[in-house]
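Engineer: Below you'll find the structure I mean.
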Amino acid sequence: MQVILLKDVDKVGLRGDVVDVARGFARNYLLPRRLAEAASPGRLEELRRHDELRARQEARTHDEARDIAARVEGTVIRFDVKAGPTGSLFGSVTATDVADRLWADHKIRVDRRKIELDPLKRVGRFEVPVEVFTDVSANVRLEVVPEGGDIEQMEALQAAAEAEEAAAAAEAEAASEAAAAAEAEAIEIVEAAEVAEAEEAETEEEASSDEPQEQQEEAPEAVPAAAAETEPEQ
């Protein structure tokens, strides 16, 4: 089923995208939550005209793009968001949010698809690359701050989150190294057992091949049958 997204939906698309989704997913999740609407011919035409208008407001030459890039580089966008005590957001900040604020606050129009940003889900300071035009890019600075908080609180939460991530990464690395060491030890034990088994089999084979030869050396010399039956004439 084809729908038009009304909001950014993680792993589905950005607001305004026309996407194909399973009918059940659309009817049971996207449509009831007003995250999308059915892609009727009238709405698709309206969306096309809107995209054309936006495109006319974006940079159309390298000179325009360089001017826009210079403005983007000097821009700081602050988002006051709801966050938990560890700095995790109740929601996220997306590329569409950044594009909307660039236009609303600074009258800078960029295509949200040209903003290289995975949804932000924690507070902090971020630099986000923006492709303004072919071969013309700039970084926009973001400050994601807890609602009702300040920069100091944001920095404290960001430091705590980074420390938690570093501890988790160190723990994962230690676990990986321990698993690798255990695997190497197990391989050594198996290899040693295989070597011992091969040596034991070789010893048994040598002993088995030597036994007939010893029996042959100890056997008495046989007397020819013809000589035993013939007696000397008187």
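The values are calculated or read from the model by the stated rules, or taken from the named source; none is laboratory data. The structure presented is a predicted model; accordingly, all values stated were derived computationally and were not measured. Heads up, the Cβs are rebuilt from the backbone with ideal geometry, glycines too, and the neighbour counts pull from every protein chain shown.
Engineer: Scan the stretch 162-171 and tell me whether some residue there is modelled with pLDDT under 75, over 26 Å from the mean Cα position of the chain (by Cα) and in a helix (DSSP H, G or I).
Structural biologist: no
Engineer: Grab the strands (runs of 3 or more DSSP E) fully contained in the stretch 8-83, keeping just those with 1 or more residues being free of Cβ contacts under 8 Å to residues at least 24 places away in the same chain and among the aliphatic types (A, V, I, L, M). Lay out the reasoning, then the answer.
Structural biologist: On the way: elements: 18-20, 36-38, 76-81.
Fully inside the stretch 8-83 and qualifying: 18-20.
Engineer: When the stretch 29-62 is examined, which residues are found to be under 28 Å from VAL132 (Cβ atoms) and modelled with pLDDT of 80 or more?
Structural biologist: Going residue by residue through the stretch 29-62, those that are under 28 Å from VAL132 (Cβ atoms) are 44, 46-62.
The answer is LEU44, GLU46, LEU47, ARG48, ARG49.
Engineer: Something else: Please specify each residue of the stretch 102-148 satisfying the condition of being closer than 24 Å to LYS82 by Cβ, in contact (Cβ under 8 Å) with a residue 12 or more places away in the chain and in a loop (DSSP other than H, G, I, E, B).
Structural biologist: Selection gives LEU117, PRO119, VAL123, GLU147, GLY148.
Engineer: Quick test of your reading of the structure: VAL3 fulfils all but one of (1) aliphatic (A, V, I, L, M); (2) touching a residue at least 60 places away in the same chain (Cβ under 8 Å); (3) farther than 19 Å from GLY91 by Cβ. Name the failing condition by number.
Structural biologist: (2)
One line per residue, one yes/no per condition, for (1) exposed (fewer than 12 other Cβ atoms within 10 Å of the Cβ); (2) closer than 26 Å to ILE4 by Cβ:
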| residue | (1), (2) |
| --- | --- |
| LEU53 | yes, yes |
| ASP63 | yes, no |
| ILE68 | no, no |
| SER92 | no, yes |
| TRP103 | no, yes |
| LYS114 | no, yes |
| VAL123 | no, no |
| THR134 | yes, no |
| GLU155 | no, no |
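Engineer: Next question, about the same structure. Which of the residues spanning the stretch 108-124 are within 20 Å of GLU147 (Cβ to Cβ) and touching a Phe, Trp or Tyr at 6+ places or on another chain (Cβ under 8 Å)? Full working, then the answer.
Structural biologist: From the stretch 108-124, those within 20 Å of GLU147 (Cβ to Cβ) are 119-124; that's our starting set.
If the condition is that a residue be within 20 Å of GLU147 (Cβ to Cβ) and touching a Phe, Trp or Tyr at 6+ places or on another chain (Cβ under 8 Å), then LEU120 is the only one that fits.
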